[in-house]
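Here the structure comes first, spelled out in structure tokens, and everything after it is commentary.
The values are calculated or read from the model by the stated rules, or taken from the named source; none is laboratory data. In this text the structure is predicted, and so the values were computed from the model without any measurement. Using ideal geometry, Cβ is built from the backbone for each residue, glycine included, and neighbour counts are taken over all protein chains shown. These accessible areas exclude ligands, DNA and RNA; they are computed on the full protein's heavy atoms, side chains included. Shrake-Rupley method; radii C 1.70, N 1.55, O 1.52, S 1.80 Å.
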Amino acid sequence: MTNADTNQTVTGTEQAKVNLLGLTEAKLVAFFESMGEKRFRAAQVLKWIHQLGVDDFDEMSNISKALREKLKAHCEIRGPEVLRQLDSADGTRKFLIRVTGGSVVETVFIPDGERGTLCVSSQVGCSLDCSFCATGKQGFNRDLTAAEIIAQVWIAAKSFGQLTPNGPRKVTNVVMMGMGEPLMNFDNVVDAMNLMMHDNAYGISKRRVTLSTSGVVPELDRLGDYTDACLAISLHAPNDELRNELVPINKKYPIAMLLASAKRYIESLPDTHRKITIEYTLIDHVNDRPEHARQLAELLRDVPVKINLIPFNPFNLSNYKRVSNNAMRRFQDILMQEGYITTVRTTRGDDIDAACGQLAGEVNDRTKRSERYRAQFSQAEPVTIVSQ
Ligand code: SAH
Ligand code: SF4
């Protein structure tokens, strides 16, 4: 068990309590065995926490009083504080979540008919500094723990009454597309995704949980050993020269390397016909020309993909502009003529700043990057979200 799984505020000689919220079933089994308890307790506790939203051991009626007392003495079930919940006119719901240390991360729920997609954060800020991303401009503070990641699903599901017997199944899909780069926080993200998909926790199908990465190739290379979730690649450019500018990690792991790794992952999955989602944020006069679309079609010829075009969402620490509707349609048409399934991500939750790339939270920035950007944009208002 790592420190990240435990409550780190230890007073006096009191032992830190183990936070059960972020433990996978395998880790819970190990934990119960280490206490001299039966393995099946893990499944029971997992269901109480993730299917019934319980955080009080006294409510766990199929667990003996003696064991409940033992659990109370050594463990806790503790999610971070929800600072604020914002509801958009279009049904989008955003949660501002304050994590230990004071920073605020964001989680967004996007309803679409029967489907409800939760966009989950993996880090406080992001160290990768993509030029078009509000999160990147906020700098970086730390990785979220597995408990803090799965807590976002727990909190959202509870807010809809989902974690009650026969509660509505509102959160049907999860995308790791909130703040942070999931592969830079590999172990905690993999544990949280395991809980999302586990039958004794949220039981979401592997086809409905997606990890999005800007391309941390060494971690992507080992992802298949730990999960079989869907994969999205944030490509945004059809050649290395342009991608180096937009997604700086490309200088370390260029496109050919990234696509080869993504292809290996998708081809290693037991079920065939799965496709990698290619995310391509269209920025006015930067990567939206017809020749970019043609080059992209050529580049992806041998990779099993579907393409998701995302109109750039402006924010006030960026000079980039949103793509025109014409350019976007033209770009999509070219890709479709070339035989690619190509969808356009509609902007949702605009009125509560919940659209892609607008998630900035409040990052206690250890990198000082946010100061640098604000100085450059001294005319502009800083990106802040005011708490209640
Ligand atoms: N770090 C991961 C996941 C979080 S970003 C990644 O980069 O994939 C989720 C998606 O939103 C990525 O595809 C990202 O490129 C896109 N995005 C970031 N800023 C954006 C903006 N301002 N407008 C539109 N999309 C943006
Ligand atoms: Fe980080 Fe993804 Fe934003 Fe790039 S796009 S800065 S990797 S969160």
> Of everything in region 167-216 that's within 16 Å of ligand 1 (Cβ to nearest atom) and part of a loop (DSSP other than H, G, I, E, B), which residue is most open to solvent (accessible area, probe 1.4 Å)?
Replying inline: MET177
> Out of region 109-124, which residues are within 11 Å of ligand 1 (Cβ to nearest atom) and either more than 19 Å from TYR202 (Cα to Cα) or β-branched (Val, Ile, Thr) (or both)?
Replying inline: VAL120, GLN123
>> Can you pull out every residue in region 175-198 that is more than 16 Å from ligand 2 (Cβ to nearest atom) and more than 17 Å from SER127 (Cβ to Cβ)?
In response: VAL190, ASP191, ALA192, MET193, ASN194, LEU195, MET196, MET197, HIS198
> Any idea which of VAL54, VAL45 is among the β-branched types (Val, Ile, Thr), over 22 Å from the mean Cα position of the chain (by Cα) and closer than 24 Å to THR172 by Cβ?
Replying inline: VAL54
>> Can you pull out every residue in region 92-134 that is of a type in the set (Ser, Thr, Tyr), within 16 Å of ligand 2 (Cβ to nearest atom), within 22 Å of ASP350 (Cβ to Cβ) and more than 12 Å from the chain's Cα centre (by Cα)?
In response: SER131
> Of the residues in region 83-108, how many are part of a strand (DSSP E or B), open to solvent by 60 Å² or more (accessible area, probe 1.4 Å) and in contact with a helix residue (DSSP H, G or I) (Cβ under 7 Å, 6 or more places away or on another chain)?
Replying inline: 1
>> Between THR281, THR277, which is among the hydroxyl-bearing types (Ser, Thr, Tyr) and more than 20 Å from GLU245 (Cβ to Cβ)?
In response: THR277
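Residue-by-condition table, conditions (1) away from ligand 2 (no atom under 15 Å from the Cβ); (2) touching a strand residue (DSSP E or B) at 6+ places or on another chain (Cβ under 6 Å); (3) among the polar types (S, T, N, Q):
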{"position": "THR210", "(1), (2), (3)": "no, yes, yes"}
{"position": "ARG222", "(1), (2), (3)": "yes, no, no"}
{"position": "CYS230", "(1), (2), (3)": "yes, yes, no"}
{"position": "PRO254", "(1), (2), (3)": "yes, no, no"}
{"position": "GLU267", "(1), (2), (3)": "yes, no, no"}
>> Taking the criterion of being among the aliphatic types (A, V, I, L, M) and over 18 Å from the mean Cα position of the chain (by Cα), would at least one residue in region 218-231 satisfy it?
In response: no
>> Scan region 231-241 and tell me whether some residue there is at pLDDT 95 or above, part of a helix (DSSP H, G or I) and among the charged types (D, E, K, R).
In response: yes
> Which one of the conditions (1) farther than 22 Å from SER159 by Cα; (2) open to solvent by less than 70 Å² (accessible area, probe 1.4 Å) does LYS65 fail to meet, given that it meets all the rest?
Replying inline: (2)
> Of all the residues that make up region 134-166, how many are within 16 Å of ligand 1 (Cβ to nearest atom) and of a type in the set (Val, Ile, Thr)?
Replying inline: 2
